[in-house]
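Please treat every number below as a calculation from the coordinates, not as lab data. Predicted model only: the values in this text are computed from it and were never measured.
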Amino acid sequence: MTDEPEYYTAQPLPRRDEPSRGYGQGAGFGPAGTVPGWGHQRPVGQPVNVNVVGGRSIVLAYVLWFFLGNFGVHKFYLAQPFQGIFYLVLSAIGWLTVGILIGWFFLGLLWLLMLIDLFVIPLRVGALNARLARRVGGY
């Protein structure tokens, strides 16, 4: 059996303080060109790469916003339970009093907040995923 082609072999990333040498050019990022093995501790001060698994999804947040936004479900998904309850109360009061025209004010406020959420959802998802990465990475 032949060896794997060069593009299948793992190439270590350079440290942030070293200039980038490009793919397959030069030695690794460890001392004297070695790559630290599994279980070896990195010296203090070197960056840690963290892959976040199980973070929040922007697509799912928008799907919840579109279909269940009147009930604030997207706010519960984005770890904002008090705002989710506020959306739920606005929706309930609005739809229960729409017959006497007062409800349109509550629903108008709810829909204005949902319009703002349309632009804020990516920022909130990014903040939640960054917080998860910091917690996992030990920062």
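Find how much the distance from Phe71 to Phe86 grows on full extension, using 0.36 nm per residue of separation minus their present alpha carbon separation; answer in nm with one decimal. Write out the running numbers ahead of the final one.
On the way: separation 15, 0.36 × 15 = 5.40 nm, distance 0.91 nm.
Full-extension gain reported as 4.5 nm.
May I ask you to evaluate 6.51 cos²θ - 1.76 cosθ + 1.60, the Karplus curve with θ = phi - 60°, for each residue of the range 124-134 and list the ³J(HN,Hα) values in order in whole Hz, giving x for glycine and proline?
Rounded to whole hertz, the list is 5, 5, x, 5, 5, 5, 5, 5, 5, 5, 5.
Below 8 Å, C-alpha to C-alpha, sequence gap of six or more: please give me the relative contact order for the range 54-139 in percent.
Numbers: 72 pairs, mean separation 25.6, N = 86.
Relative contact order comes out at 30 percent.
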